[in-house]
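This report refers to the structure that appears directly beneath it.
The values are calculated or read from the model by the stated rules, or taken from the named source; none is laboratory data. All figures in this text were calculated on a predicted structure; none of them were measured in a lab. Note that each Cβ is placed from the backbone with ideal geometry, even for glycine, and that neighbours are counted across all protein chains shown.
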Amino acid sequence: MDNLYRDFILEHYRNPHNKGYLDPHDLHFADSNPTCGDEMSMTLRLDPTGSKIADVAFDGRGCAISQASASIMTDNLRGQTLDEVRAMNPKHLLDELGVPIGPARLKCALLAYKVLQGAVRGSEVAWPEEAEAVS
Amino acid sequence: MTIEPAAPAVIPGAFSGAALRPDFPVFDVLTRSGKRLVYLDAAASAPKPRTVVDAVSDAYAHHYANVHRGIYELSEDATARFEGARRKVAGFIGARSEREIVFVRNATEAINLVAYSWGRSNVRAGDRVVTTQLEHHANIVPWQQLTREVGATLDYVAISDDGRLELDDLRAKLALGPKLLAVAGVSNALGTINPLPQIVEMAHAAGALVLVDAAQSVPHMPTDVAALDCDFLALSGHKMLGPSGIGALWARRELLDAMPPFMTGGSMIIRVTMEGAEWNEVPWKFEAGTPAIVEAIGLGAAIDYLTALGMDAVRAHERYLFEHAWAALGEIPGVRRLGPDDAATHAGVISFVLDGIHPHDVATVFDSEGVAVRAGHHCAQPVMLRYDIPATTRASFYVYNDLDDVEALAAAVRATQSLFA
C-alpha cells in the first residue's frame, strides 16, 4: 500500500500543480473516467507560433492517483510541441508515476493523458490499450 | 475499536455469519495482503456456497443435455431439473404459478424484456412512464430508450436528503396518469428499503402498472409477489448466491399472455411455416434458444441454501449487522453516511464518503487490508448527482458476514484516514 501512496503521490494530491482553468485558452477538452464518473478538464495556451504549449491547467475532482498523475504530467508539458504531445507514450506517464498501478486503477492514472490527447487532437480519443487491462 | 459481541437470541432464528463461512470456498484462501477476505460487496455480486458450485458441477457432469427436446433419458432429466428450478424460483417469491417465471440472464434483461415487449405495445406517444432518482441504471435507461422511441415522457420521483423516495412527489407524478411505475425494492446505491406495499397501492389507484426491480431485495428479505400485488418483478441470480448469467422476470400471467415475444427463434414457437410462426405458451414464449440450463439449476441450489436459513432470519441478520456498522461508522469523525438513519428501512448496504479522500483511494487501501468494497457511482449516477458527490464507497452485507467484518470495516476506515492524514 505504501508502495502506491508514496509521499510524492500524496503531496501532488494535496497540492496539485497546474490546477485551475486558463482564461483565455487555445485548447480545451473534458473527459471522464467511466468507472467512477470522475471528470477532468484541461485548458492549454499555445505560444505565438501556435505549435508549442505555453501553459496548461487541469481541473476536476478525482482520486489521489488521477490528480497526482495530472499534476505530474502537466508539469512537463510547457515547451513541448503539439506533435510531441500527440506522440506521447502513455507508458511514459506510468513510468513517471513510479508506483505500481493495479489493473483496476489504470484508468485513474491515464485519465489526464486521455484528456490531454483529446485537447491536442480536438476530439475524444480511445483509452490507450494500457488502460484496458480491466474495463 | 472493539464491538460488543452479539446480544444473545434477540432475533428469532438468528444465525452466526462466521459459522457459515466454511460453506463458501472463497473464504478458504487468504487475500494477497495475507489477511482473511472480508467480503463486503454482495450488492455487486455474492460469493457462491459449495452446494451451488457442486450443483453446477454435478449438472454438467451427470445431468446435462438440451432441454425440452430430446426423447431420451438424459434430456428428460435435464428438463426436469431445469423446470424444477423454475418452480423453486416461483415458490421463493410467492408466485401463484411457475408459468409466471421467465428465465433471463439477469434483472437488467428482465427489465429490458418488459420495456421492449410490454412497453412497445402499450406505451404510446404522449403517454408517461415514471421511475425514480433512486434507481440503478438498469431501471432508468430501458425506460429512457422506450419513451424516446415512442414519444412518451419519463418522469423521475425525487429523493430526500436521507435517501428516501419523496412520496408527495410520487403522488404528483402518478396524478399525471402514467402507464407504468418502475421502482426498486431496495436501492443498490443507498440501501433504502422502499415502502413497496404503499407504493404499489398508490400506483394502482392511479391506474399505473408497477415493475419492481428486486435485484437488491429478493436476495435479502422475504418476497411475496402475490401479497405485494405488483405486476412485474425482476431479479438476478448472481446476487442471491446463484450463478451469473441467470435471472428471472416474474409477471402476472395475463400480462405475459398478452405480451409479444421479446426475442424470437427456436423453442419459443409452436409451429413455424414460411409464412409465419405461432408462439409457444408462457413462459417459454420468452425463452428463445437454448437457455442457461445449468445456471438455472445452480440458482435452484442457491434458493435451497437461502430457504434453509430462512429469509426472515437473513433479513434479521443483516439488520443486526447494519445497526452495528452504521453505529461504528458514525463514531468515526470524517465519515459521512448516506441513506436513511433507520434500521427498519435500511438494508444491509452502507454507502459512505470519507472527507477529502476519493472512494477509489478508499477501496484501494481497503483492498490492502483484505476488505473488498465497491467504490464508484454504483450504476446510479442520478443518485450521485442528487448528493453532489462523484462516487461513494459501499459496504454490503450478506449471510456470511459477522461482527468481525464490521470491525474490519471500521479498522480499514481508520487505516485509510491515517494514510491520507
query = Could you give every pair whose Cβ atoms fall below 9 Å, whose first residue belongs to the range B:91-111 and is over 14 Å from B:M240 (Cβ atoms) and part of a loop (DSSP other than H, G, I, E, B), and whose second residue is polar (S, T, N, Q) and modelled with pLDDT of 95 or more, counting only separations of at least 6 or pairs across chains?
reply = B:G94/B:T223; B:R105/B:S236; B:R105/B:S244
query = Out of (1) surrounded by 24 or more Cβ atoms within 10 Å (Cβ to Cβ); (2) touching a residue at least 60 places away in the same chain (Cβ under 8 Å); (3) of a type outside the set (A, V, I, L, M), the odd one out for B:R164 is which?
reply = (1)
message = With the requirement that a residue be of a type in the set (A, V, I, L, M, F, W, C), closer than 20 Å to A:E11 by Cα and part of a helix (DSSP H, G or I), what does the range A:87-135 give you?
response = A:L93, A:L94, A:L97, A:L106, A:C108, A:A109, A:L110, A:L111, A:A112
ask   = For the range B:172-245, which fully contained strands (runs of 3 or more DSSP E) count at least 2 residues that are closer than 23 Å to B:P340 by Cβ, touching a helix residue (DSSP H, G or I) at 6+ places or on another chain (Cβ under 8 Å) and of a type in the set (V, I, T)?
value = B:209-213
ask   = Got at least one residue in the range A:57-72 being of a type in the set (D, E) and away from every other protein chain (no Cβ under 14 Å)?
value = no
query = Is there a residue being buried (at least 22 other Cβ atoms within 10 Å of the Cβ) and over 22 Å from A:D23 (Cβ atoms) anywhere in the range A:48-64?
reply = yes
remark   = Log entry, pairs with first residue in the range A:91-103 being in contact (Cβ under 8 Å) with a residue 12 or more places away in the chain, second being in a loop (DSSP other than H, G, I, E, B) and surrounded by 11 or more Cβ atoms within 10 Å (Cβ to Cβ), beta carbons closer than 6 Å, six or more apart or on different chains, reads A:V99/A:L4; A:V99/A:R6; A:P103/A:V134
request  = Tell me which residues, restricted to the range A:71-101, are over 13 Å from the mean Cα position of the chain (by Cα) and under 30 Å from B:V353 (Cα atoms).
outcome  = A:G98, A:V99, A:P100, A:I101
request  = Could you please find all residues in the range A:110-127 being modelled with pLDDT of 95 or more and of a type in the set (S, T, Y)?
outcome  = A:Y113
note = A:L116 fails exactly one of (1) in contact (Cβ under 8 Å) with a residue 40 or more places away in the chain; (2) within 23 Å of A:N3 (Cα to Cα), namely (2)
ask   = Taking the stated definitions as given, is B:A258 of a type outside the set (V, I, T) and over 29 Å from B:V56 (Cβ atoms)?
value = yes
task = Name the residue, out of A:A68, A:A104, that is at pLDDT below 90, within 28 Å of B:I357 (Cβ to Cβ) and small (G, A, S).
result = A:A104
Residue satisfying all of: in the range B:52-108; under 14 Å from B:E295 (Cβ atoms) and among the hydroxyl-bearing types (S, T, Y); nearest to the chain's Cα centre (by Cα) among these = B:S57
inquiry  = For the condition at pLDDT 95 or above, under 28 Å from B:F352 (Cα atoms), in contact with a Pro (Cβ under 8 Å, 6 or more places away or on another chain) and crowded, with 24+ Cβ neighbours inside 10 Å, what is the one hit in B:G242, B:G237?
reply    = B:G237
message = Can you go through B:H204, B:H220 and tell me which one is of a type outside the set (G, A, S) and under 18 Å from the mean Cα position of the chain (by Cα)?
response = B:H220
message = Restricting to the range A:13-31, and then to whatever is within 14 Å of chain B (Cβ to nearest Cβ) and free of Cβ contacts under 8 Å to residues at least 24 places away in the same chain, can you tell me which residue is surrounded by the fewest Cβ atoms within 10 Å (Cβ to Cβ)?
response = A:N15
request  = Please tell me if A:A87 is without any contact (Cβ under 8 Å) to a residue 24 or more places away in the chain and either within 28 Å of A:D26 (Cα to Cα) or in contact with a Cys (Cβ under 6 Å, 6 or more places away or on another chain) (or both).
outcome  = yes
query = Yes or no: B:M274 assigned to a loop (DSSP other than H, G, I, E, B), exposed (fewer than 14 other Cβ atoms within 10 Å of the Cβ) and of a type in the set (A, V, I, L, M, F, W, C)?
reply = yes
query = If we scan the range A:35-48, do we find a residue that is in contact with a helix residue (DSSP H, G or I) (Cβ under 9 Å, 6 or more places away or on another chain), more than 15 Å from A:V115 (Cβ to Cβ) and more than 14 Å from chain B (Cβ to nearest Cβ)?
reply = yes
query = Which residues, counting only those in the range A:98-126, are more than 14 Å from every other protein chain (Cβ to nearest Cβ), within 30 Å of B:R374 (Cβ to Cβ) and in contact with a helix residue (DSSP H, G or I) (Cβ under 6 Å, 6 or more places away or on another chain)?
reply = A:A112, A:Y113, A:E124, A:V125
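Conditions (1) within 15 Å of B:G185 (Cα to Cα); (2) in the same structural domain as B:V123 (by TED's automatic domain parsing); (3) touching a residue at least 40 places away in the same chain (Cβ under 8 Å), marked per residue:
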position	(1), (2), (3)
B:P195	yes, yes, yes
B:H204	no, yes, no
B:A208	no, yes, yes
B:A215	yes, yes, yes
B:V225	yes, yes, yes
B:L241	no, yes, yes
B:A251	no, yes, yes
Residues being of a type outside the set (G, A, S) and at pLDDT 95 or above - total across the range A:24-48 = 14
inquiry  = Every residue in the range B:362-421 that is acidic (D, E) and more than 9 Å from chain A (Cβ to nearest Cβ), please.
reply    = B:D388, B:D402, B:D404, B:D405, B:E407
note = Inside the range B:341-368, the number of residues satisfying the requirement of being surrounded by fewer than 20 Cβ atoms within 10 Å (Cβ to Cβ) and within 22 Å of the chain's Cα centre (by Cα) is 5
